[in-house]
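Colleague: What follows is a single structure, and I will ask about it in a moment.
What follows draws every value from the coordinates through simple rules; no lab data is involved. Treat the numbers as computed from the prediction; the structure is a model and nothing was measured. Every residue, glycine as well, gets a Cβ built from its backbone with ideal geometry; the counts of neighbours run over all protein chains shown.
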Amino acid sequence: MNKKSKYLFYTFLTLLFLLVTEGVYLNSTKVISGESLAKKVAFVKISQLPDLAISTEATFVRHRSLGTVFSIYKDDGDLREYFPSTYAISHSHIINKKAIKIDNEK
Amino acid sequence: MKNKINIYLIEYAINAILRQKYKSFFVTTVFTLLTFLLTSVFFITNSIKHELDATVDALPQIIVQKIKAGRHYDIDADILDNLLEIAGVSDAVARVWGYYYFENAGVNFSVVGVDQFENQYKESFNKIVKKFDFDKLEADSSMVVGVGVKQIMLENYYTKYFNFIKPDGTLKKVTLAGVFDAQTSLESNDMIVMPKEIVREIFDIEEGKVTDIVVKVANPKEITMIASKIKQMYPDTRIVTSEDLKVSYQNIFDYKSGVFLALFIVSLFTFFIIIYDKSSGLSSEEKREIGILKAIGWKIDDVLKEKFYESFIISFFAYIFGVISAFAFVYIFQAPILRNIFVGYSQLKTTFELPFAFDVQTLFLVFFLSVPIYIAATIIPSWKVATLEADEVIR
């Protein structure tokens, strides 16, 4: 192994070491702490409301998950995809493209 | 194994990279940037999902809402007793809550009502609000607000109380009793919690009506069955179960990271096409190099191996470096600029820290989207040249 190959080998080794060290560091300092998690859960138990306060500008996206999976818009049972409804959460993809043929008009 | 990895070919590949330092530097930089961008976006999405999943089990098991003419309406509180009679239902709580638009600042507050006698709240309040007397909440007509709400109120010179404008135009003065712990700001930033009676007054919700009803089920396996029973009893209701909430959380940010992924794939493939195009029109010097190598006895196999090492060194280095930078950018520097994609346009901005959530899938996804494709884009043109006769290439 010549000098350049050794350098390359050590470079990769350093990078991998850096990656692992960074991972360990982040895992020990940046994960949600037990105390913080307990506080978050305590708050959710009080409010009993889903979703995060990161899109608060419109009432229909604030607690988006309060609609069913099939309702795009919290206040509307429609299934269409349009901007505000899918701003944060994608619309339901489990829609029957074609309804089963049942004779409803008897 | 020793026979398989030819150290001399690796040395040759390093020399080849160093010979074309500017090209190699440029390719590595672009590659690192692309990997960095994609992994950063995925890391941010993962963190927010992780944050949501952390509290999903504390959410109600069944929520019953009244739907009229396709819109959400207040529901009769009387049905609470009927719901409690369903076998398997252990508790049902009527909720009063809504959104209050504060015109001065152009922001929406979520106002939630709690009952003083519901003792389960007491412990939770003590955990997240400092120096706070829960029993005085109703007596003093006061409220507890999120950090963001407090900030907006301060900006509008409300330090001790806030004047809510009722639907009839009169004011309702509510004293500020406390602020939720900043660690809950992702959940509580725009929230105001106050006694139910005051919420009723502010929103003019008549007695006997509530916003929705939360149902607790003793056995979680019965949730679906009880939800369908409620739906049968009250066909005009919309039932949201905890399972629906989980599915909704699973869907979260698909749209945004999807749009980003689509844009990214376009740029990634443009990059590969440039590499492929550049390599397939190999410069006469590079062609001559391959020709000479063949003339001195290198096999096609050797040429391809050397090209493989060359491209692997560049792409793997760029990938690892990109991932390391993305980790640092997202979790140590908290993703400046990029995280704004996921945060709304509201004036009521949340200050929050992205929690670290390690996801191997993301790393594999980005790896397979980038490294093998780059290697292929480099090897294929070289293979085309290497299969030609040596004298033909040199000439």
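Colleague: Give me the dipole magnitude in Debye, nearest 20, for the protein assembly as shown about the Cα centre, with unit charges on the beta carbon: positive for Lys and Arg, negative for Asp and Glu.
Modeller: I would put it at about 1940 debye.
Colleague: Under 1.5 on a/c is rounded, so check that first for segment B:153-244, then, if it is not, pick prolate when a/b is larger than b/c and oblate when it is not; a ≥ b ≥ c are the square roots of the alpha carbon gyration tensor eigenvalues.
Modeller: oblate
Colleague: I would also like to ask the following. Given only helices, namely DSSP H runs of n ≥ 4 each adding -39500 (n - 2.57), what is the per-residue ellipticity at 222 nm of the protein assembly as shown, to the nearest 500 deg cm²/dmol?
Modeller: Computed ellipticity for the protein assembly as shown at 222 nm equals -16500 deg cm²/dmol.
Colleague: For peptide B:48-57, compute the average count of partner chain beta-carbon atoms within 10 Å of each residue's beta-carbon.
Modeller: Average per residue, whole number: 4.
Colleague: Can I ask one more? May I ask for the equivalent-ellipsoid semi-axes of the protein assembly as shown, computed as the square root of five times each C-alpha gyration tensor eigenvalue and listed largest first in whole Å?
Modeller: 58, 26, 19
Colleague: Continuing with this model, one more query. Which residues' amide hydrogens lie under 5 Å from the amide hydrogen of A:Ala53, considering only partners 5 or more residues apart or on another chain, with H built in the peptide plane?
Modeller: Hits under the 5 Å cutoff: B:Glu187, B:Asn189.
Colleague: At 0.36 nm per residue, and after removing the present C-alpha to C-alpha distance, how many nm does the segment from B:Leu263 to B:Ala218 gain when stretched out fully?
Modeller: 11.5 nm
Colleague: With a point put 7 Å past each Cα toward its Cβ, work out how far B:Glu206 is from B:Thr351 in nm, to one decimal.
Modeller: 4.6
Colleague: Which listed residue (B:Ala227, B:Val360, B:Gln183) has the Cα farthest towards the positive end of the charge dipole for chain B, taking +1 on Lys and Arg C-beta and -1 on Asp and Glu C-beta about the Cα centre?
Modeller: Going by the Cα projections, it comes out as B:Val360.
Colleague: Which value, in debye to the nearest 20, describes the size of the charge dipole of segment B:161-208 about its Cα centre when Lys and Arg Cβ atoms bear +1, Asp and Glu Cβ atoms bear -1, and nothing else is charged?
Modeller: Result for segment B:161-208 is approximately 200 debye, rounded to the nearest 20.
Colleague: Follow-up question, since we're still on this one. Please list, in chain and number order, the residues 5+ apart from B:Val107 or on another chain whose amide H is under 5 Å from its amide H, with Hs placed from the backbone.
Modeller: Hits under the 5 Å cutoff: B:Phe102.
Colleague: If Lys and Arg each add +1 and Asp and Glu each add -1, what is the summed charge of the other residues whose beta carbon sits under 14 Å from the beta carbon of B:Ala326?
Modeller: 0
Colleague: Rank these for me by crowding, B:Tyr309, B:Tyr276, going from fewest to most other beta carbons within 10 Å.
Modeller: Going from sparsest to densest Cβ surroundings: B:Tyr276, B:Tyr309.
Colleague: While we're here: Starting from the Cα of B:Leu33, step 7 Å along the direction of its Cβ; do the same at B:Asp135; then give the gap between the two resulting points in nm.
Modeller: Reported label-point gap for B:Leu33 and B:Asp135 is 6.5 nm.
Colleague: What is the sum of charges, Lys and Arg at +1 and Asp and Glu at -1, for the other residues whose Cβ falls under 15 Å from the Cβ of B:Ser188?
Modeller: +2
Colleague: Put a dot 7 Å past each Cα toward the Cβ at B:Tyr158 and B:Leu388; how far apart are the dots in nm?
Modeller: Each label point lies 7 Å from its Cα, and together they span 7.7 nm.
Colleague: What residues qualify as long-range amide H neighbours of B:Ala92, i.e. H under 5 Å apart, gap of 5 or more or another chain, H built at 1.01 Å from N?
Modeller: The list, which skips near neighbours in sequence, is B:Lys216.
Colleague: Is the shape of segment B:122-200 best called rounded, prolate or oblate, per the rule: a/c under 1.5 gives rounded, else a/b larger than b/c gives prolate, else oblate, with a ≥ b ≥ c the square roots of the Cα gyration tensor eigenvalues?
Modeller: oblate
Colleague: Right, next: Is there a simple number for the mean count of other chain Cβ atoms within 10 Å of the Cβ of residues in B:304-310, and what is it?
Modeller: 0
Colleague: Assigning unit charges at the beta carbon (Lys, Arg +1; Asp, Glu -1) and nothing else, what dipole magnitude in debye, to the nearest 20, does chain B show about its Cα centre?
Modeller: Dipole about the Cα centre, nearest 20: 1480 debye.
Colleague: Separate question: Report, as an integer, the average count of C-beta atoms from other chains found within 10 Å of each Cβ along A:17-28.
Modeller: Per residue, the average neighbour count from other chains is 4.
Colleague: Enumerate the calculated ³J(HN,Hα) couplings along segment B:149-154 in order (Karplus 6.51 cos²θ - 1.76 cosθ + 1.60, θ = phi - 60°), each rounded to whole Hz, writing x wherever the residue is Gly or Pro.
Modeller: 5, 4, 4, 4, 5, 4
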